[in-house]
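The values are calculated or read from the model by the stated rules, or taken from the named source; none is laboratory data. Only a predicted model underlies this, so the values are computations on that prediction, with no experimental measurement involved. Cβ: placed from backbone, ideal geometry, glycine included. Neighbour counts: every protein chain shown. Quick note on the areas: whole protein, heavy atoms, side chains included, nothing else; ligands and nucleic acids left out. Shrake-Rupley method; radii C 1.70, N 1.55, O 1.52, S 1.80 Å.
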Amino acid sequence: MNFNLKILAVNDELIFKPDSVLVKFFIDSDKLEKVVDDFFYSLGFGLSKIQKRNFLDKKSDELVYYSQIGEPALIFSKKIKIDKDFSSDFFRNYFAGLTQSLKKKNIKAVHVIVPSFTDLKNYFENETLLLQSMLEGIHLGNYTFDKYKADKEKPEELLFFIHYTDQKILKSAIEHSNKLMSAVNFARDLVNEPSITLTPAELAKRTKSELTKFGVKVSVFDKKELKRRKMNAILAVGGASDNSPCLITMHYEPSSKAKMKIALVGKGVCYDSGGLSIKPTSSMLEMKADMSGGAAVIGVMKAAAALKLPVELIAIVPAIENMIGGSSYKPGDIIVSASGKSIEVKDTDAEGRIILADALHYASQQKPDKIIDLATLTGACAVAIGEIAAGLFTQDDNLAKELINAGNRTYERLWRFPFWNDYKEMIKSEIADVSNLGPRWGGAITAGKFLEHFVDGKIPWAHLDIAGPAIKHKSRNYTEKYDTGFGVRLIVDYLMNL
Ligand code: BES
Ligand code: ZN
Ligand code: ZN
């Protein structure tokens with residue numbers, strides 16, 4: 001943690017705490033000069049001519065004002081142009097950057113004047129989403145993973161005062177985002193933890209101890225139970241590691257009658273060396289994060305229970321390490337999965353789809369209304385669309401629409417790939433029911449088609465390939481330093497809008 005954050009709702013009245021920062025947004029318009037003058041005048045401050053001219057200049061959008069006479073000690077003025085470059089992620093990204101920048105600045109409080117919703121209504125469906133984006137930005141910017149650093153500092157308290165007229169909407173947005181972002185942080189902690197510590201058993205242990213606090217039931221199938229259930233796909237892939245595989249299942253039931261029963265499945269590869277089809281070192285570097293889909297699903301369960309969402313949820317995370325050893329599974333092997341379908345192994349680095357075969361079959365057996373899986377499944381997906389979105393693969397237009405909308409609202413965006421059955425032809429095997437490797441082209445789609453073999457065709461299902469956005473990347477202030485926890489905000493939003 002950077003700061004011990006406290007976010008408080010206050011109305012429009014500005015009464016400043018000592019050592020405080022004021023954050024004020026100005027929407028660019030013809031009247032900007034007057035609005036800026038009036039604002040500084042109202043605080044008893046005056047801008048110098050040069051400060052004002054620089055701020056009004058087309059090329060500039062920021063003014064940092066240091067007060068000589070009192071509070072606020074600092075004013076961050078930000079000019080916003082509502083044009084084609086503006087996005088609903090603006091405030092999330094801004095506050096993530098701001099919160100990080102306040103470290104070691106001796107600031108005790110931040111006062112934020114929320115801009116008028118009327119100016120921004122083309123970008124946010126409602127006021128809650130505007131407020132939410134700001135609050136999430138503060139939480140995201142405050143995330144650190146510094147537990148292994150010797151020189152880390154004790155977190156200091158930082159108060160955020162959010163000034164907004166509608167206190168009811170504001171207070172519930174604050175409460176909601178506190179719970180949601182605590183779940184995102186939990187998922188991020190799991191992903192950022194290196195695999196030397198976060199073995200499959202450790203993932204199960206942390207999941208159990210955190211989620212049971214919220215009333216989620218957690219069961220873990222150990223190796224013996226996996227054998228009993230003929231989950232040979234999970235056993236084969238996890239077989240070479242000294243750290244045994246397991247299957248983590250979670251169940252959340254709301255206190256009132258559930259609207260729907262949804263199964264969430266997450267890839268839980270705690271480390272992906274590639275197995276005998278070994279990866280080069282450079283590709284292995286990020287592979288502690290190959291359980292990001294699992295962590296996201298676990299995070300969703302925590303958030304759903306904390307927020308008391310009115311849906312029944314089943315979550316399934318096959319947890320393994322893809323390693324090399326005397327008991328490695330091998331290219332050329334044929335594995336008979338729990339569903340009875342056999343898999344020809346052509347590449348042991350395409351391991352995620354193999355373990356998900358057993359997990360998706362198990363999910364189908366629970367007879368949910370819908371199944372959604374999240375997996376860092378293919379580099380090919382990231383090659384196709386980069387790190388700023390996840391791939392969406394489904395035959396169900398309705399589910400696609402709902403998920404894409406949730407993605408646009410949360411800025412955990414989804415891009416739908418073609419998912420025609422022609423791609424299924426490409427993973428046929430002569431000696432087994434399906435091959436775990438398709439041709440070079442279309443690798444993200446054939447991986448999705450492989451998964452489809454193991455899902456009950458009567459249940460609407462969507463597969464999200466999060467290989468790009470789950471892993472740290474430079475596109476936003478809140479994705480730069482640490483693996484991202486992608487998917488928690490997205491799926492929670494989807495569930496809330498069912
Ligand atoms: N875990 C990887 C996919 C991945 C790559 C995730 C980069 C995050 C960042 C997956 O298990 C894998 O190795 N996929 C192979 C599939 C190939 C062998 C068909 C890939 O993408 O190269
Ligand atoms: Zn792999
Ligand atoms: Zn993998």
Inset, instruction - With a 10 Å radius around each residue's Cβ, average the other Cβ atoms per peptide and rank 369-376, 168-175, 58-65, 470-477, highest first. - result: 369-376, 470-477, 168-175, 58-65
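With N set to the residue count of the range 222-261, report its C-alpha Rg divided by 2.2 N^0.38 Å to two decimal places.
Values: Rg = 15.1 Å, N = 40, 2.2 N^0.38 = 8.9 Å.
Ratio of Rg to 2.2 N^0.38 Å for the range 222-261: 1.69.
Counting only protein heavy atoms and using a 1.4 Å probe, what share of the accessible area of the range 3-184 belongs to carbon plus sulfur, as a whole percent?
Working: 4850 of 9560 Å².
Looking at the range 3-184 in its full context, I get 51 percent from C and S.
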Legend entry - Under 5 Å, built H, 5+ apart or other chain: amide partners of Leu437: Lys346
Legend entry - For the range 328-468, the spread of Cα positions along each principal axis, largest first, Å: 44, 34, 28
Inset, instruction - Using the Karplus curve 6.51 cos²θ - 1.76 cosθ + 1.60 with θ = phi - 60°, work out ³J(HN,Hα) for each residue of the range 93-107 in order, rounded to whole Hz, and write x for Gly and Pro. - result: 5, 4, 5, 4, x, 4, 4, 4, 6, 7, 4, 6, 10, 6, 9
Legend entry - Potential lengthening between Met284 and Lys428 on full extension [0.36 nm per residue; Cα-Cα distance subtracted]: 49.0 nm
Legend entry - Residue-wise HN-Hα coupling along the range 180-197, computed from phi with Karplus coefficients 6.51, -1.76, 1.60 (Hz; x: Gly, Pro): 4, 6, 5, 6, 4, 4, 4, 4, 5, 4, 5, 5, 6, 5, x, 6, 4, 9
Inset, instruction - Compute the separation of the alpha-carbon centres of the range 334-349 and the range 396-444 and state it in Å as a whole number. - result: 19
Inset, instruction - Leaving ligands, DNA and RNA out of it, work out the accessible area of Glu387 with a 1.4 Å probe and give it in Å² to the nearest 10. - result: 90
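Taking every DSSP beta bridge with both residues inside the chain, roughly what % is antiparallel (nearest 5)? All intermediate terms of the calculation are to be shown ahead of the outcome.
Values: 24 of 73 bridges.
Antiparallel bridges make up about 35 percent of those DSSP assigns within the chain.
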Inset, instruction - Quick one: which residues, 5+ away or cross-chain, put their amide H under 5 Å from the amide H of Leu22? H built at 1.01 Å from N. - result: Leu74, Ile75, Phe76, His111
Legend entry - Surface/4 of the Cα convex hull for the chain, nm²: 24.5
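Are there any chymotrypsin sites (Phe, Trp or Tyr not before Pro) in the range 406-498 that are in a DSSP loop and have at most 11 other Cβ atoms within 10 Å? List them by number. Show your work: numbers first, answer last.
Values: sites: Tyr411, Trp415, Phe419, Trp420, Tyr423, Trp441, Phe450, Phe454, Trp461, Tyr478, Tyr482, Phe486, Tyr494; in loops: Tyr411, Phe419, Trp420, Trp441, Phe454, Tyr478, Tyr482, Phe486.
In loop regions of the range 406-498 (DSSP not H, G, I, E or B), the sparsely surrounded chymotrypsin sites (Phe, Trp or Tyr not before Pro) are Trp420, Trp441.
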Inset, instruction - Determine the shape class of the range 135-231: with a ≥ b ≥ c the square roots of the Cα gyration tensor eigenvalues, call it rounded for a/c under 1.5, and otherwise prolate if a/b is greater than b/c, oblate otherwise. - result: oblate
Inset, instruction - Kindly report the accessible area of the chain per residue (heavy atoms of protein chains, probe 1.4 Å, no ligands, DNA or RNA), in Å². - result: 43
Legend entry - Per-peptide average of other Cβ atoms within 10 Å, ordering 84-97, 273-286, 44-57 highest first: 84-97, 273-286, 44-57
Inset, instruction - From the P(r) of the range 392-498, can you give the percent of Cα pairs sitting at distances over 15 Å? - result: 67
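Taking 51 Å as R0, compute the FRET efficiency from the Cβ-Cβ separation of Thr118 and Lys147 and round it to 0.05. Don't skip to the answer; put the middle values down first.
On the way: r = 44 Å, r/R0 = 0.86.
Using R0 = 51 Å, I get an efficiency of 0.70.
If packing is taken as the average number of other Cβ atoms within 10 Å across a peptide's residues, how do 319-325, 346-352 rank, most packed first? The partial results should precede the final answer.
Numbers: 319-325: 24.6, 346-352: 22.6.
Result, highest mean first: 319-325, 346-352.
Among the trypsin sites (Lys or Arg not before Pro) within the range 250-339, which fall in a DSSP loop and have no more than 13 other Cβ atoms within 10 Å of their own Cβ? The partial results should precede the final answer.
Numbers: sites: Lys257, Lys259, Lys261, Lys267, Lys288, Lys302, Lys308; in loops: Lys257, Lys259, Lys267, Lys308.
Hits after loop and neighbour filter: Lys257, Lys308.
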Legend entry - Principal axis box of the range 3-184, alpha-carbon based, largest edge first, Å: 48, 39, 31
Inset, instruction - Return one number: the angle in degrees, 0 to 90 and rounded to the nearest 10, between the long axis of the Cα atoms of helix 292-306 and the longest principal axis of the Cα atoms of the chain. - result: 60
Inset, instruction - For the range 482-489, take each phi angle, set θ = phi - 60°, evaluate the Karplus expression 6.51 cos²θ - 1.76 cosθ + 1.60, and give the result in whole Hz per residue in order, putting x for glycine and proline. - result: 10, 4, 9, x, 3, x, 5, 4
Inset, instruction - Count the DSSP beta bridges whose two residues both fall in the range 11-151, then state the antiparallel fraction as a percent rounded to the nearest 5. - result: 30
Legend entry - the range 144-185 and the range 200-262: distance between their alpha carbon centers, rounded to Å: 29
Legend entry - Glu480, Glu312, ranked by accessible area, largest first (probe 1.4 Å): Glu480, Glu312
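Got a number for carbon plus sulfur as a percent of the range 198-496's accessible area, 1.4 Å probe? Kindly include the intermediate steps, with their values, before the conclusion.
On the way: 5900 of 11420 Å².
Summing carbon and sulfur atoms, their accessible area is 52 percent of the total for the range 198-496.
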Legend entry - Helix 127-142 axis, angle to the chain major axis (alpha carbon atoms, nearest 10°): 80
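Using a 1.4 angstrom probe on the protein heavy atoms only, line up Arg440, Arg409, Arg353 by accessible area, largest first. Provide the component values of the computation, followed by the final result.
On the way: Arg440 195, Arg409 50, Arg353 20 Å².
Greatest to least solvent exposure: Arg440, Arg409, Arg353.
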Legend entry - P(r), alpha carbons of the range 60-105 - 5 Å bins starting at zero, rounded %: 5, 16, 21, 26, 17, 9, 5, 1
Legend entry - Rough spin-label spacing in nm, given labels placed 7 Å along Cα→Cβ, for Lys481 and Lys58: 3.6
